[in-house]
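Notes follow once the structure below has been shown.
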Amino acid sequence: MSDFPGWHGTTIIGVRKGGRVVVAGDGQVSVGQTVMKGTARKVRRLAPGRAEVVAGFAGSTADAFTLLERLEKKLEATPGQLQRASVELAKDWRTDKYLQKLEAMLIVTDGRDLFVITGAGDVLEPEHDVTAIGSGGNYALAAARALMDSDMDAEAIARRSMAIAADICVYTNGNLTVESIGG
């Protein structure tokens, strides 16, 4: 992202608790120190009507859409196999000369599995049932990990963690898109 003039921003979190997985993302798009848009939708459902998958992205929007389209194709080729589709996408992303230039990260879930997919060829499953990406990701991750032992459900943890990240990270706002799957 450093090659483009000052693109920053976003916080996406995935929380798995009580048989439910929630992915939440803020709506801020910033260029340098300017907020260009506050209502972007960076969390969405894929493959409606089939095995549903929820995905959130951080990074370049056009790049993320390219990756989401590729993931949908992988899911169509391997229905109900999110892990396999994710690994295939990560392999393509790492080895394809066009895809290697894409600057984004994804959090994906089918309600059972929860993964972070990166352009380095990684498909990472969180150790503590929570993961986060983007400029405010570490703030949201720390807040969510602290809340995991509370009585709060997955959605409440995601929302509270995003609020904390928005209070700390200037590239994160409180305008959330929240999608849940499972339980």
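The values are calculated or read from the model by the stated rules, or taken from the named source; none is laboratory data. Everything numeric here is computed off the predicted structure, so don't read it as measured data. Because the Cβ atoms are built from the backbone with ideal geometry, glycine has one as well, and the counts that use them run over all protein chains shown.
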(message) Looking only at the range 14-30, filter to residues that are within 13 Å of the chain's Cα centre (by Cα) and small (Gly, Ala, Ser); which one of those is nearest to ASP129 (Cα to Cα)?
(response) GLY14
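Just checking, how many residues over the range 70-108 are among the hydroxyl-bearing types (Ser, Thr, Tyr) and either under 18 Å from VAL43 (Cα atoms) or in contact (Cβ under 8 Å) with a residue 40 or more places away in the chain (or both)? Give the steps one after another, and end with the answer.
The initial filter retains those residues of the range 70-108 that are among the hydroxyl-bearing types (Ser, Thr, Tyr), namely 78, 86, 95, 98.
Narrowing further to those that are either under 18 Å from VAL43 (Cα atoms) or in contact (Cβ under 8 Å) with a residue 40 or more places away in the chain (or both): 86.
Total satisfying the criteria: 1.
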(message) Can you pull out every residue in the range 142-183 that is part of a helix (DSSP H, G or I), among the hydrophobic types (A, V, I, L, M, F, W, C) and crowded, with 22+ Cβ neighbours inside 10 Å?
(response) ALA143, ALA144, ALA154, ILE157, ALA158, MET162, ALA165
(request) Looking only at the range 151-166, decide whether some residue is free of Cβ contacts under 8 Å to residues at least 40 places away in the same chain, within 21 Å of LYS37 (Cβ to Cβ) and in contact with a Gly (Cβ under 7 Å, 6 or more places away or on another chain). (result) yes
(message) Restricting to the range 1-33, and then to whatever is under 11 Å from TYR171 (Cβ atoms) and part of a strand (DSSP E or B), can you tell me which residue is modelled with the lowest pLDDT?
(response) TRP7
(message) Given the criterion of a type outside the set (Ser, Thr, Tyr), surrounded by fewer than 16 Cβ atoms within 10 Å (Cβ to Cβ) and outside any helix (DSSP H, G or I), identify the matching residue among GLU76, GLU127.
(response) GLU127
(request) Please determine, by comparing only the residues of the range 94-111 that are farther than 15 Å from ALA58 by Cβ and out of contact with any strand residue (DSSP E or B) (no Cβ under 7 Å at 6 or more places or on another chain), which one is surrounded by the fewest Cβ atoms within 10 Å (Cβ to Cβ). (result) LYS97
